[in-house]
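Worksheet for the structure shown next.
The values are calculated or read from the model by the stated rules, or taken from the named source; none is laboratory data. The structure presented is a predicted model; accordingly, all values stated were derived computationally and were not measured. Positions of Cβ are backbone-derived with ideal geometry, glycine not excepted, and every protein chain shown enters the neighbour counts.
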Number of protein chains: 2
Amino acid sequence: MLGLWLEDQQLSLRDDIPVPVPGAGEALVRVTQAGICNTDIELTRGYYPYRGVLGHEFVGIVVEGPPELEGQRVVGEINAVCGRCSACLNGRPTHCENRTVLGIVARDGAFAEYLTLPSENLFVVPGSIPDAAAVFTEPLAAALEIQEQIEVSADDNALVVGDGKLGQLVARTLALVGCELLVVGRHERKLGRLRDLGIPTALAREPARSAAGRGNEVEIGTGEDISGRFDLAVECTGNPDGFAIARDALRPRGTLVMKSTYAGSLTLDVSSLVVDEITLVGSRCGPFAPALELLGQQKVKVTDLVDAEYALTEAIEAMHRAQQPGALKVLLEIG
Amino acid sequence: MLGLWLEDQQLSLRDDIPVPVPGAGEALVRVTQAGICNTDIELTRGYYPYRGVLGHEFVGIVVEGPPELEGQRVVGEINAVCGRCSACLNGRPTHCENRTVLGIVARDGAFAEYLTLPSENLFVVPGSIPDAAAVFTEPLAAALEIQEQIEVSADDNALVVGDGKLGQLVARTLALVGCELLVVGRHERKLGRLRDLGIPTALAREPARSAAGRGNEVEIGTGEDISGRFDLAVECTGNPDGFAIARDALRPRGTLVMKSTYAGSLTLDVSSLVVDEITLVGSRCGPFAPALELLGQQKVKVTDLVDAEYALTEAIEAMHRAQQPGALKVLLEIG
């Protein structure tokens, strides 16, 4: 079959990839549409030494599996778990010690004609959700993970740092809570999509590091000072400047959610985190069922985030497009 | 009056310090005993540019103040707050934006014959608590702050990293919860004091950084591997090796409480915190009332932590003693 293969950080479009054979309890899925995520891009940069078919955001049709799933249109939870380790037995299956992860860890991914996943990972997509929205289920679930980990209330004042794909979804899910919300980003066009939905935004200038102080003075487009104003800040940029903006914006005892992985390590002023009693929360994969529910009820708009669609034969070009400054979601039309 | 003065990171014993004059709402306290904390030592190393009388752990007698306090033996909450800022008005007085902090920020401290604090900061010490125990109220409160911030249950498996003054108190307060507990430290003598109380300990060897993996393989004295075993790890060493041990010991979705300030910044593998959904919690000053209650009920032993007592005239020598490897609490007998 045709697929986008990653090996030694090199991408190649290969037509000689064997159709995967579902193992016990697994289903074979014909992929119809897939989405490019920043993690895919980071994998090509060596974030994790993965070798195989790339991709983990998808919609597809089950062609082999349990009778109740065969022929169904599905999305899939990307962590394939053992069910027997300490994490699995203690209600943390996404942290399974023996997990494979679709297109990320030891399991061929979604940028190909077919993929396999455990049947228990698959969720039937209601007919009301078009493919171009359903393909957002996985990143939308990741955005919702924040609210699985910490309580966000309508009284909170929340900052989202980053106007990219993940920042957009995080902001849109936080907006549903009714909390006070501000999204800081560097791309006027992307911020505009949030303002279209009634979400306040601010354009970040380069942070001017103060000579004397320990923090960053973040001057935002409005001339407003956001330092120390927020109960919650969600870092969705994956770069140290974004982290610095999020940290600086928090009040004492505020919470900083880290949604993005970082290519390198990050140097923190830990003493200031102790003195201000800041909580940092790492956040990764989230729950599919509520994400699908939000999409079905059209409570979260996602299709406006699609910048481009490419055929699988153009997957390498699509990956380039997804890395252009200002790009939002790039989709692959597969079947 | 006599006092230990810090200026430009230099300590001097001065006898020309004016007796402080209590402001509105403040009391004048004659200090009877004071304790040396690692923060005092860090201040001499330039952790924060403080100039004035050092010291914030004390017991004393109120010599001027409201009638109900005059003549009483007291301990005192170290943050003097404005009551009007956003932090004060929102139930976070220890984070007051205009606070002074006894012996730490813009308020002369306890290593002197007299100090002043707002009367509302003072707590009368029950007669059953000797001075040498009451002087531990402040650090004991700091240890209890952990349980104000996160829920620790008897089902939890908790690791304390560090066998120093703070690690000892943290371990002793966590032991009261009845959770599974292990203290890792580098000083056999200090660990012995915990074992005397029935608290399991392990001697940490130098962490051997693995060539391939991202974490530290922490080999402990028993030959046991503590990697990934704990729900909660409390870092009480203030050094990067201690942080690495705490991080490595956590299971996915575990919580790392940072109790110590660090002289410099710390470089973290943030991606691993995101992937493992780790929560980091900075933790500082805590509640005095429950600390005094524990001391009054003799539920937490503290006096075995006293290594030496010095007169105020020997305060510089006492500071040196407190910095010797393996030292626990050094007290100053003042009045």
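Among the residues of segment B:298-335 satisfying the criterion of being small (Gly, Ala, Ser) and more than 25 Å from B:LEU191 (Cβ to Cβ), which is modelled with the lowest pLDDT?
B:GLY335
Taking the residues in segment A:226-253 that are on the phi > 0 side of the Ramachandran plot and either away from chain B (no Cβ under 12 Å) or without any contact (Cβ under 8 Å) to a residue 60 or more places away in the chain (or both) as candidates, determine which candidate is surrounded by the most Cβ atoms within 10 Å (Cβ to Cβ).
A:ARG253
Please go through segment A:154-170 and give me each residue that is of a type in the set (S, T, N, Q) and within 14 Å of another protein chain (Cβ to nearest Cβ), ordered by number. Explain how you work it out, then say what you get.
Keep residues of segment A:154-170 that are of a type in the set (S, T, N, Q), which gives A:157, A:168.
Residue satisfying the conditions is A:ASN157 alone.
Can you name the residue in segment B:299-332 that is part of a loop (DSSP other than H, G, I, E, B) and among the polar types (S, T, N, Q) and, of all such residues, is farthest from the other protein chains (Cβ to nearest Cβ)?
B:GLN324
Can you name the residue in segment A:267-279 that is assigned to a strand (DSSP E or B) and surrounded by 20 or more Cβ atoms within 10 Å (Cβ to Cβ) and, of all such residues, is modelled with the highest pLDDT?
Once the filter is applied, the top-ranked residue is A:THR279.
Pairs under 7 Å by beta carbon, first residue free of Cβ contacts under 8 Å to residues at least 40 places away in the same chain in segment A:295-315, partner among the aliphatic types (A, V, I, L, M) and assigned to a helix (DSSP H, G or I), six or more apart or different chains?
A:TYR310/A:ALA318
Pairs under 7 Å by beta carbon, first residue among the charged types (D, E, K, R) in segment B:43-63, partner surrounded by fewer than 20 Cβ atoms within 10 Å (Cβ to Cβ), six or more apart or different chains?
B:ARG45/B:GLN9; B:ARG45/B:ALA263; B:ARG51/B:GLU7
Could you count how many residues in segment B:80-104 are surrounded by 15 or more Cβ atoms within 10 Å (Cβ to Cβ), out of contact with any Pro (no Cβ under 7 Å at 6 or more places or on another chain) and not in a loop (DSSP other than H, G, I, E, B)?
Final tally of qualifying residues: 6.
Given the condition hydrophobic (A, V, I, L, M, F, W, C), closer than 22 Å to A:GLU68 by Cα and not in a loop (DSSP other than H, G, I, E, B), answer yes or no: does some residue in segment A:11-21 qualify?
no
How many residues are buried (at least 24 other Cβ atoms within 10 Å of the Cβ), touching a strand residue (DSSP E or B) at 6+ places or on another chain (Cβ under 7 Å) and either modelled with pLDDT under 95 or among the basic types (Lys, Arg) (or both) if we restrict to segment B:155-188?
Total satisfying the criteria: 1.
Exactly one of these conditions fails for B:ALA204: (1) aliphatic (A, V, I, L, M); (2) closer than 30 Å to A:CYS85 by Cα; (3) at pLDDT 95 or above; (4) buried (at least 22 other Cβ atoms within 10 Å of the Cβ). Give me its number.
The single condition B:ALA204 does not satisfy is (3).
Please go through segment A:261-279 and give me each residue that is farther than 24 Å from B:VAL101 by Cβ and more than 7 Å from every other protein chain (Cβ to nearest Cβ), ordered by number.
Scanning segment A:261-279 gives A:ALA263, A:GLY264.
Take the residues in segment B:280-298 that are under 18 Å from the mean Cα position of the chain (by Cα), more than 10 Å from chain A (Cβ to nearest Cβ) and assigned to a loop (DSSP other than H, G, I, E, B); name whichever of them is farthest from B:THR39 (Cα to Cα).
Once the filter is applied, the top-ranked residue is B:PRO287.
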